[in-house]
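Values in this text are rule-based calculations from the coordinates and carry no lab data. Please read all numbers here as calculations on a predicted model, not as lab measurements. For neighbour counting, all protein chains shown are included, and Cβ atoms are generated from backbone atoms with ideal geometry for every residue, glycine included.
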Amino acid sequence: MSNPGILIVAILALAGLYVLLPRAAHIFARFREARILPCPDTGAAADVSIDASRAALTSAFGRPKLRATGCSLWPARRDCAEGCLQHPDVETP
């Protein structure tokens with residue numbers, strides 16, 4: 001390689017992947033399965049699925065952004081504020 005800039009960029013990219021890829025994989029594994037959480041509106045237990053792909057991708061830039069993709073209380077409560085994702089059982093590292 002005659003251009004040292006390309007080599008530096010390649011090294012930085014590999015270093016970034018070395019750090020970001022394991023974190024994203026950990027976050028994906030953590031949120032890929034549904035969990036039972038209390039609904040803050042009704043107080044009932046709900047089986048909630050979280051968008052693990054979105055959580056993994058956004059974890060590269062800080063705290064993962066969580067979004068419910070399924071809930072056992074839907075469709076009746078489809079437009080809820082997803083306050084269940086603030087529960088301590090969903091706490092992110």
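One table, with the values for the structure above:
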| item | result |
| --- | --- |
| Ratio of the Cα radius of gyration of the chain to 2.2 N^0.38 Å, where N counts its residues | 1.47 |
| Computed [θ] at 222 nm, helices only, for the chain once each DSSP H run of length n ≥ 4 contributes -39500 (n - 2.57) | -12500 deg cm²/dmol |
| Karplus (6.51, -1.76, 1.60) ³J(HN,Hα), θ = phi - 60°, over the stretch 50-65, in Hz, Gly and Pro reported as x | 10, 5, 5, 5, 5, 4, 5, 5, 7, 5, 5, 10, x, 5, x, 8 |
| Furthest towards positive pole of dipole, Ile8, Phe31, Ala52, structure part the chain, Cβ charges | Ile8 |
| Restricting the stretch 37-82 to trypsin sites (Lys or Arg not before Pro) in coil, as DSSP defines it, with at most 10 other Cβ within 10 Å | Arg78 |
| Given charges at beta-carbon only (K, R positive; D, E negative), |dipole| of the chain in Debye | 220 |
